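Undergrad: Provided herewith is a single structure, encoded as C-alpha cells, for subsequent inquiry.
The values are calculated or read from the model by the stated rules, or taken from the named source; none is laboratory data. Every value quoted in this text rests on a predicted model; they were computed, and no experiment measured them. Cβ placement follows ideal geometry from the backbone for every residue including glycine, while neighbour counts extend to all protein chains displayed.
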C-alpha cells in the first residue's frame, strides 16, 4: 500500500440515550476517524479511545495528537509502500498508545485489502457468515427501568444481555433480571474494575444467578487478586481492561486470573494483534468474545469480522447501529434473528457516508505523507 496522505476526522455522534458505567456517563461519541489515501485507493480506521482517560489511559485528544506528531511521521519514514503487517513494528518505538496505533493499522489494512479485493473477515480467518449479537446495558435509574430495557432488547432479538454493575448496583439488578426473565437468559455482568478483593463475599452472592461470567471485577493490573477472586467465587472471571497484549493474556490464563477473555482490538493495538490473542486462547481451550467500544459502523464492521473467528464462542457486544446511534456513519448494521451479518466485500466491507461524515465533523486535518 503506497500512502500519499492521512486525513483525520473528528466526528461527534450523539447517542440515542446516555450510557452509564461505573466510571462515568457518555452522551455522545467523539469519533476519531483515520483515512489513508494513495494511488490504489483509500482505507479507513476508527480510534476507539474515549473522550476522557477513564476506561484506559488513552483518550481521543491524546490519540489525535500522537497520530499527528509521532505515528504518521514514522510511517512516512518507513518508505513509499507499507503492508499492514509492518505497521506495529514501524510504530513500536512509540510506547503505548495502542488505540491510536490500532486506528492507523486498521486504515492501512482496509486500504490494502480493498485494493486486493479481499475481505477483512477472510484475511483474519473467519469461519462464519453471521455472528450472535449481545446487548450491553448501562447502569439504570431504577430496577423498573432496567427491566423495561431488558424486555425491549430481548424483544428485538438479542441473544445475550450484559449488565454494567458497581458498588450499590449489583446483586439487586441481577436478581430482578433473573427473576423476571428466567434461568435460560444468557446473562453476564461487567464491573469495569469497580471492586477490590475485599468485596469478594459480595461478588460471591452473584453465584446463585447462573451468570455466564463477571467481567473485569478488580483493578486492571492486579492479576494476582483476580486469581484469588476466581478461587473464591463460582462465577467465571473474564478479563477485559487487563488484557493489553498477547503476553498478558497468556500470563492471566496460566495464573488462573481468568477462564474467559474479552478481546478488543483497539486495546491490543489492532486486529492483527487481536487475532494472535484469539489464536493463543483457542489453542488453550479458553473461550473468547468480542467487546465493544460504542463504535460507528466502521469499527463495528471490523469487530463483526473478528468475531467470526472460530474461538469466539460467546456472543459479543455487537449491537445493531440503532442501539447507539440514530444515524450511523455507514449503512446501518441491522439485527437479523439475533445475529449480525459478516461483511463480505473488500476490506471492511462497508464504506463511510462521506457527506454525513463531513456534516458531523468538528474538524478535518490532512497530513501530507512525504517519504524519505
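Undergrad: What are the residues in segment 154-173 that are without any contact (Cβ under 8 Å) to a residue 24 or more places away in the chain and under 19 Å from residue 335 (Cα atoms), if any? Step through it out loud before you land on a result.
TA: In the first step, residues of segment 154-173 are kept if they are without any contact (Cβ under 8 Å) to a residue 24 or more places away in the chain; the result is 155, 168.
Result: 155, single match.
Undergrad: Tell me, which strands (runs of 3 or more DSSP E) wholly within segment 125-164 include 2 or more residues that are within 21 Å of residue 206 (Cβ to Cβ) and under 20 Å from the mean Cα position of the chain (by Cα)?
TA: On the way: elements: 130-132, 134-137, 160-164.
Correct list: 134-137, 160-164.
Undergrad: Would you point out which residue out of 56, 40 is touching a residue at least 24 places away in the same chain (Cβ under 8 Å) and either under 18 Å from residue 350 (Cα atoms) or assigned by TED's automatic domain parsing to the domain that holds residue 137 (or both)? Before the answer, list the steps.
TA: Numbers: 56 fails: either under 18 Å from residue 350 (Cα atoms) or assigned by TED's automatic domain parsing to the domain that holds residue 137 (or both).
Answer to the selection: 40.
Undergrad: Give me a count of the residues in segment 192-210 that are part of a loop (DSSP other than H, G, I, E, B) and surrounded by 22 or more Cβ atoms within 10 Å (Cβ to Cβ). Reasoning before the result, please.
TA: Of all residues in segment 192-210, those part of a loop (DSSP other than H, G, I, E, B) come to 192-196, 210.
Now narrow it down to the ones that are surrounded by 22 or more Cβ atoms within 10 Å (Cβ to Cβ): 195.
Matching residues across segment 192-210 total 1.
Undergrad: Looking at (1) farther than 30 Å from residue 239 by Cβ; (2) modelled with pLDDT of 95 or more; (3) in contact with a strand residue (DSSP E or B) (Cβ under 9 Å, 6 or more places away or on another chain), can you tell me which one residue 367 breaks?
TA: (2)
Undergrad: Still on this model: From the set of residues in segment 39-87 that are assigned to a strand (DSSP E or B) and in contact with a helix residue (DSSP H, G or I) (Cβ under 7 Å, 6 or more places away or on another chain), which is surrounded by the fewest Cβ atoms within 10 Å (Cβ to Cβ)?
TA: The first filter runs over segment 39-87 and keeps only residues assigned to a strand (DSSP E or B), leaving 41-47, 81.
Narrowing further to those that are in contact with a helix residue (DSSP H, G or I) (Cβ under 7 Å, 6 or more places away or on another chain): 41-47.
Working: 41: 15, 42: 20, 43: 26, 44: 30, 45: 30, 46: 30, 47: 30.
The qualifying residue surrounded by the fewest Cβ atoms within 10 Å (Cβ to Cβ) is 41.
Undergrad: What is the residue count in segment 261-278 for residues that are free of Cβ contacts under 8 Å to residues at least 60 places away in the same chain and either surrounded by 22 or more Cβ atoms within 10 Å (Cβ to Cβ) or part of a loop (DSSP other than H, G, I, E, B) (or both)?
TA: Restricting attention to segment 261-278, the residues satisfying the condition of being free of Cβ contacts under 8 Å to residues at least 60 places away in the same chain are 261-263, 274, 276-278.
Remaining after also requiring either surrounded by 22 or more Cβ atoms within 10 Å (Cβ to Cβ) or part of a loop (DSSP other than H, G, I, E, B) (or both): 261-263, 274, 277-278.
Count: 6.
Undergrad: For residue 127, which of the numbered conditions (1) surrounded by 15 or more Cβ atoms within 10 Å (Cβ to Cβ); (2) touching a residue at least 40 places away in the same chain (Cβ under 8 Å); (3) closer than 30 Å to residue 273 by Cβ fails to hold?
TA: Every listed condition holds for residue 127 apart from (1).
Undergrad: Restricting to segment 315-339, name every residue that is farther than 29 Å from residue 10 by Cα and buried (at least 21 other Cβ atoms within 10 Å of the Cβ).
TA: Quick first cut of segment 315-339, residues farther than 29 Å from residue 10 by Cα only: 315, 336-339.
Hit for segment 315-339 is 315, nothing else.
Undergrad: Residues of segment 290-310 being surrounded by fewer than 24 Cβ atoms within 10 Å (Cβ to Cβ) and closer than 19 Å to residue 188 by Cβ, which ones?
TA: Across segment 290-310, the qualifying residues are 292, 293, 294.
Undergrad: Also: Test of understanding: among 258, 281, 231, which residue is buried (at least 20 other Cβ atoms within 10 Å of the Cβ) and under 19 Å from residue 196 (Cβ atoms)?
TA: Working: 281 fails: under 19 Å from residue 196 (Cβ atoms); 231 fails: buried (at least 20 other Cβ atoms within 10 Å of the Cβ).
Result: 258 is the single residue among 258, 281, 231 that is buried (at least 20 other Cβ atoms within 10 Å of the Cβ) and under 19 Å from residue 196 (Cβ atoms).
Undergrad: OK, next. If I filter segment 95-118 down to residues being crowded, with 16+ Cβ neighbours inside 10 Å and without any contact (Cβ under 8 Å) to a residue 60 or more places away in the chain, which single residue comes out as farthest from the chain's Cα centre (by Cα)?
TA: 97
Undergrad: What single numbered condition from (1) under 17 Å from residue 25 (Cα atoms); (2) part of a helix (DSSP H, G or I); (3) in contact (Cβ under 8 Å) with a residue 24 or more places away in the chain fails to hold for residue 176?
TA: The number of the failed condition is (1).
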